[in-house]
Amino acid sequence: MWWVYIIETESGSYYTGVAKDVNLRFRQHKGELKGGAKFFRSNPPSLLLYLKKYKNRSEAQKVEWNIKQLTRLQKEELIFS
C-alpha cells in the first residue's frame, strides 16, 4: 500500500508527498533520519494533516500531482472535510 500525505510546516505551508511508510518519511523530513526533502531544510515540518491509502505507487502519485495543483483553500477543504 502507498500513502498520500500532507504536512503542515512551522510557518504554515503545506507539503504533499507519497510514501510506503509515512512514519519513516515524516522522521526523514524532520531530520531525524537521512533522506528528507530539501523543502524542509528552511521550513521544518510541524503536523501531519492528511493521510489517504492507495493500492499502488502509480495511483498515489497521480493523486499527489492533482493535490499539488490545488489552491491553498482547496487543499484546506480536502484536509478538513
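The values are calculated or read from the model by the stated rules, or taken from the named source; none is laboratory data. Remember, it's a predicted structure, so these values are computed and weren't measured experimentally. Note that each Cβ is placed from the backbone with ideal geometry, even for glycine, and that neighbours are counted across all protein chains shown.
Of all the listed residues (33, 51, 47), the sole one being aliphatic (A, V, I, L, M), without any contact (Cβ under 8 Å) to a residue 24 or more places away in the chain and either under 15 Å from residue 6 (Cβ atoms) or assigned to a loop (DSSP other than H, G, I, E, B) (or both) is 33. State all residues of the range 63-81 that are of a type in the set (Lys, Arg), under 13 Å from residue 5 (Cα atoms) and without any contact (Cβ under 8 Å) to a residue 60 or more places away in the chain; if no residue qualifies, say none. Residue satisfying the conditions is 68 alone.
Exactly one residue among 24, 78, 47, 70 is loosely packed, with under 12 Cβ neighbours inside 10 Å, at pLDDT 95 or above and of a type in the set (A, V, I, L, M, F, W, C), and that residue is 47.
For the range 14-23, the condition holds for no residue, the condition being that it is under 22 Å from residue 80 (Cβ atoms), basic (Lys, Arg) and in contact (Cβ under 8 Å) with a residue 12 or more places away in the chain.
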